[in-house]
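Asker: What follows is a structure written as structure tokens; I'll ask about it next.
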Amino acid sequence: MPLPMDHHTNRAIITVLGSDRPGIVAAVAGVLAEQNVNILDISQTILQEIFTMTMLVDLGQAQAEFAVLQAQLDELSRTLGVQITMQREEVFKYMYRL
């Protein structure tokens, strides 16, 4: 019998960085909504016209695999002219542990 998955294994961190312009949040959220990815937490700020956003998302009900969603965000990154990265939560925590 399979063991239940830890809810943290289905989560990812998405970061967005670039010049501020209208529509960035809507475009990223739109891609996530199309794939049934739930935004659990979001933080954004603008530092002297530089847009930064960090999202914690739940991939548990996603309609696309991680790599497919990552490719869609890469394409959106090129379209918007911003940097978008997505990492699994456990990788992010391991990389940035204190």
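Asker: Please work out which residue is modelled with the lowest pLDDT, limiting yourself to the range 1-14 and to residues that are within 21 Å of Glu89 (Cα to Cα) and either surrounded by fewer than 15 Cβ atoms within 10 Å (Cβ to Cβ) or in contact with a Lys or Arg (Cβ under 7 Å, 6 or more places away or on another chain) (or both). Give the steps one after another, and end with the answer.
Answerer: Here is the first cut: in the range 1-14, the residues within 21 Å of Glu89 (Cα to Cα) are 3-14.
Checking which are either surrounded by fewer than 15 Cβ atoms within 10 Å (Cβ to Cβ) or in contact with a Lys or Arg (Cβ under 7 Å, 6 or more places away or on another chain) (or both) leaves us with 3-9, 12.
Working: Leu3: 32, Pro4: 39, Met5: 44, Asp6: 47, His7: 48, His8: 51, Thr9: 71, Ala12: 95.
Checked the range 1-14; the qualifying residue modelled with the lowest pLDDT is Leu3.
Asker: If you check every pair at least six apart or on different chains, which have Cβ atoms under 7 Å apart with a residue in the range 11-38 that is over 15 Å from Leu73 (Cβ atoms) first and a residue that is part of a helix (DSSP H, G or I) second?
Answerer: As it stands, the answer is Arg11/Glu89, since those pairs meet every condition given.
Asker: Turning to a different aspect of this structure: Against the conditions (1) in a helix (DSSP H, G or I); (2) of a type in the set (A, V, I, L, M, F, W, C); (3) at pLDDT 95 or above, where does Phe92 fall short? Just the number, please.
Answerer: Of (1) in a helix (DSSP H, G or I); (2) of a type in the set (A, V, I, L, M, F, W, C); (3) at pLDDT 95 or above, only one is false for Phe92: (3).
Asker: I'd like to check something: does the range 45-68 contain any residue that is open to solvent by 90 Å² or more (accessible area, probe 1.4 Å), on the phi > 0 side of the Ramachandran plot, at pLDDT below 95 and not hydroxyl-bearing (Ser, Thr, Tyr)?
Answerer: First, the residues of the range 45-68 that are open to solvent by 90 Å² or more (accessible area, probe 1.4 Å): 47-49, 61, 63, 65.
From what is left, the residues that are on the phi > 0 side of the Ramachandran plot are 48-49.
Next, only the ones that are at pLDDT below 95 stay: 48-49.
Keeping just the survivors that are not hydroxyl-bearing (Ser, Thr, Tyr) gives 48-49.
The answer is yes; a qualifying residue exists.
Asker: Quick one: count up the residues across the range 17-44 that are surrounded by 11 or more Cβ atoms within 10 Å (Cβ to Cβ), among the polar types (S, T, N, Q) and more than 12 Å from Gly81 (Cα to Cα).
Answerer: 4
The values are calculated or read from the model by the stated rules, or taken from the named source; none is laboratory data. Keep in mind that this is a model prediction, so the values were computed, not measured. Neighbour counts run over all protein chains shown; Cβ positions are idealised from the backbone, glycine included. Ligands, DNA and RNA are excluded from the accessible area calculation, which covers all protein heavy atoms including side chains. Shrake-Rupley method; radii C 1.70, N 1.55, O 1.52, S 1.80 Å.
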